[in-house]
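Working notes for the structure below.
Readers should treat all values here as calculations from the given coordinates under stated rules, not as data from a laboratory. All of these numbers come straight from a predicted model, not from anything done at the bench. Don't worry about glycine lacking a Cβ; one is built from the backbone with ideal geometry, like all the others, and counts go over all protein chains shown.
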Amino acid sequence: MSAISREDVVHLARLAHIEMSDAELDKMTGELGVIVDAIASVSEVASSDIPATSHPIPLTNVLREDIVGQTLSNDEVLANAPDSDSGRFKVPAILDGE
Amino acid sequence: MSTEELVDFDVALEKYDPVLGFEVHVELNTKTKMFSDAPNAFGDEPNTNVTPVDLGLPGVLPVVNKTAVEYSILIGLALNCQIAEKCGFARKNYFYPDTPKNFQTSQYDDPIAHDGWIDIELEDGEVFRVEIERAHMEEDAGKLTHLGGAAGRIQGADYSLVDYNRAGVPLVEIVTKPITGAGKRAPELARAYVGAIREIVKNLGVSDAKMERGNVRCDANVSLMPKGAEKFGTRTETKNVNSLRAVEHAVRFEIERHAAVLDSGEKIVQETRHWHEDTRSTTSGRPKSDADDYRYFPEPDLVPIVTTADWIEELRSRLPEPPAERRKRLKADWGYADKEFRDVVNAGVLDEIEATIAAGTTAAVARKWWMGEIARLAKAADKEIADLGVSPETIVELDALIQGKKINDKIARQVLEYVVAGEGTPAQIVEKRSLAVVNDDAALGKAVDEAMAAMPDVVEKIKGGKMQAIGALMGPVMKATRGQADAGRVRELVMEKLGL
């Protein structure tokens, strides 16, 4: 039984502002389910005394000194922007979030 | 019902106990951003302090700013927090163009500092202890300008312009535990708390702490519960209340509004509220919804931060004296009355007075100048006292000239004006402008004789024992000597001449 329901995918699509057809939702529910199930098999070998980790290598404290480096020019920053105005990205008005 | 219905504050407090909670965001004043080496600077041309990391371009790798971590630990220590031995970053996912990555890099269940406290002293000396839940590291978002439609408001805007100079600027978010028991002092406590945080981060030197620039921003949570109840009511979160005065007003307004809603038998909706400075009121923002599902997960591009005891102790040794303790110490040292000291604090001249006393004046003399003539000159010039350019040495020199009877108080005030105008040191000005008081007894004696001759009735009064009548002679004598007479010497001369 997959841990991902169709409702989960509808919810995620809404959060990500991605419009999906019924067929796409069905397909994605199946595909995401396979991925989640595959990852879930990790907990079969990981006992409860093993802390969750997001890094395979036990690295800590990769830190940078507080020294200013190279920045992009304004033209470079906006090079990939679909639209811009007065040196700024121009985006459609978005109602939620604030 | 209308959201504008309010219950009088005192009436509301007879019936309900307010519970407060604050989230204060502090922008750190590091040279570079949290995860990139772009400059952390205010007021530059849009999208010029930006690197590929700040734009969230594919393949970039963020690297944590060590100074930002140390500043965060300093804030934690100053708030009496535990510092996490190990902590990490998480992605807070949301859809909004103020971050080009579609997530904010933040900390989730392992903040760098947690479980602290801070004592907040209100104006009359009453102290409230505010418990700190956590202080965590994160990054600021870009700045959006909404255009078209209703100007500047997101509702009705056609499009938005985005500047990512601020995106990635290091932030520390300080979150309190629920604050109960403040009662009718809740608005004052709110103001004092945010003021104390601002003072602490400024004193630590980790933030410019200018609220008008958004260096310190406050979200204020308010709920009411019936008096004596233990279960908290539903809260609202008023966003971005960005001055101390506004924090006080917003808390007061929400208490009055909540009471009206509850009195009418309705329920408070858990939502964000927007503060409007012009009408001193809040309006409904966005209710809690699906969109608040941030799907936090550990940031795979950043490895954990481990703090050693040595590192923490080294940082602890850098902590300056806490502002509240310093004030207590200075007040005791200087012997000012409560109100005198409070006025000095409110005028923001603690540093100046401390430096002046250290340079050699008494506490009373330092206060007299900084709270008197210097404050007056600053006000007249519409400047901050600190920007007037009066040094502690100037006050010491001026005071020495008075003590040495070279000049009197009135002349000294003039001299100070000339100092501010850039004419030199007090001694140079007295010399150059021939302002030294007339100590020459012959000249002074003549002026006194003339004054006494002109005012026989005053002389009779003095003879009759009314010593304060000598004051009446002062005016003509000062006039005759162009204000340069030593008042003490004039008094002596009058007494001598009358054989008293």
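Inter-part distance, segment A:1-26 to segment B:417-487, computed on C-alpha centroids, equals 92 Å. The loop-placed trypsin sites (Lys or Arg not before Pro) in segment B:151-246, going by DSSP, that have at most 15 neighbouring Cβ atoms within 10 Å of their Cβ come out as B:Arg153, B:Lys210, B:Lys227, B:Lys231.
Find, among the trypsin sites (Lys or Arg not before Pro) in segment B:408-491, those assigned to loop by DSSP (not H, G, I, E, B) with at most 16 other beta-carbon atoms within 10 angstrom. Please list the in-between numbers first.
Details: sites: B:Lys410, B:Arg413, B:Lys432, B:Arg433, B:Lys446, B:Lys461, B:Lys463, B:Lys466, B:Lys479, B:Arg482, B:Arg489, B:Arg491; in loops: B:Arg433, B:Lys466, B:Arg482.
Answer by residue number: B:Arg433, B:Lys466, B:Arg482.
Across segment B:9-316, the mean sequence separation of Cα contacts (distance under 8 Å, 6 or more residues apart), normalised by length, yields a relative contact order of 25 percent. Exactly which trypsin sites (Lys or Arg not before Pro) in segment B:298-359 are in a DSSP loop and have at most 14 other Cβ atoms within 10 Å? In loop regions of segment B:298-359 (DSSP not H, G, I, E or B), the sparsely surrounded trypsin sites (Lys or Arg not before Pro) are B:Arg318. Return the whole-Å distance between the Cα centroid of segment A:43-98 and the Cα centroid of segment B:287-366. First find each Cα centre; the distance between them is then 32 Å. Where a ≥ b ≥ c are the square roots of the eigenvalues of the C-alpha gyration tensor, would you call chain A rounded, which needs a/c under 1.5, or, failing that, prolate if a/b is larger than b/c, or oblate? Because a/c hits 1.5 or more and a/b fails to exceed b/c, chain A counts as oblate.
In summary, the lysines within cross-link reach of B:Lys461, defined as a Cα separation below 17 angstrom excluding same-chain residues under 8 places away, comprise B:Lys497. Here, P(r) means the percent of Cα pairs in each 10 Å bin from 0 to the largest distance; for segment A:6-45 it is 29, 45, 21, 6. Orientation-averaged projection of segment B:282-437 equals 17.7 nm² [convex hull of Cα atoms, one quarter of hull surface area]. Against the main long axis of the alpha-carbon atoms of chain A, helix A:22-40 sits at an angle near 70°. State which stretch of chain B is the longest one without any exposed GluC sites (Glu not before Pro), exposure meaning a DSSP loop state and at most 16 other Cβ atoms within 10 Å. By the stated rule (loop sites, at most 16 other Cβ atoms within 10 Å), B:278-383.
Taking a cut-off of 14 Å between Cα atoms, list the aspartates and glutamates near B:Lys466, but don't count ones fewer than 8 places away on the same chain. Straight-distance partners of B:Lys466: B:Asp457.
With N as its number of residues, segment B:257-367 has a Cα radius of gyration that, divided by 2.2 N^0.38 Å, comes to 1.92. Counting lysine pairs in segment B:1-95 whose alpha carbons fall under 19 angstrom apart, excluding pairs fewer than 8 residues apart on the same chain, gives 4.
Relative contact order of segment B:441-497, taken over Cα pairs closer than 8 Å and 6 or more residues apart, is 39 percent.
Between the helical axis of A:6-15 and the longest alpha-carbon principal axis of chain A there is an angle of about 10 degrees.
Under 17 Å between alpha carbons: how many lysine pairs meet that in segment B:336-434, if sequence neighbours fewer than 8 apart on the same chain are excluded? Mind showing how you got there, number by number?
Details: B:Lys339/B:Lys368; B:Lys368/B:Lys379; B:Lys368/B:Lys410; B:Lys406/B:Lys432.
For segment B:336-434, the number of qualifying lysine pairs is 4.
Note on chain B: helix-only mean residue ellipticity at 222 nm, from DSSP H runs of 4+ residues weighted -39500 (n - 2.57) and normalised by residue number, equals -12000 deg cm²/dmol.
Pairs of alpha-carbon atoms within less than 8 angstrom and 6+ residues apart define the contacts here; what relative contact order does segment B:204-281 have, in percent?
For segment B:204-281, the relative contact order is 30 percent.
In chain B, a dipole from Cβ-located charges (positive for Lys and Arg, negative for Asp and Glu) runs towards its positive end, and of B:Phe341, B:Leu401, B:Met478 it is B:Met478 whose Cα lies farthest in that direction. The H on the amide N of B:Tyr16, modeled in the peptide plane, is under 5 Å from the matching H of B:Lys227, each at least 5 residues off or on a different chain. Using θ = phi - 60° in the Karplus curve 6.51 cos²θ - 1.76 cosθ + 1.60, the 3J(HN,Hα) couplings for segment B:224-235 round to 10, 9, x, 3, x, 6, 10, 8, 5, x, 6, 9 Hz; x is entered for Gly and Pro. Where in segment B:7-40 does the amide nitrogen come within less than 17 Å of the point 7 Å from the Cα of B:Val306, taken along Cα to Cβ? Answer for segment B:7-40: none. Helical runs (DSSP H, four residues minimum) scored at -39500 (n - 2.57) apiece and divided by the length of chain A put the mean residue ellipticity at 222 nm at -11000 deg cm²/dmol. Tilt of helix B:323-334 relative to the longest C-alpha principal axis of chain B, in degrees (0 to 90, nearest 10)? Helix B:323-334 and the main axis of chain B meet at about 10 degrees.
Taking the centroid of alpha carbons for each part, segment B:10-64 and segment B:84-136 are 12 Å apart.
One quarter of the convex hull surface built on the alpha carbon atoms of the protein assembly as shown amounts to 39.4 nm², the projected area averaged over directions. In this rough spin-label picture, where each label sits 7 Å from Cα along the Cβ direction, the B:Tyr159-B:Arg326 distance is 4.9 nm.
Each of B:Leu319 and B:Lys177 was given a label point 7 Å from its Cα along the Cα-to-Cβ line. The distance between the two points is 1.8 nm.
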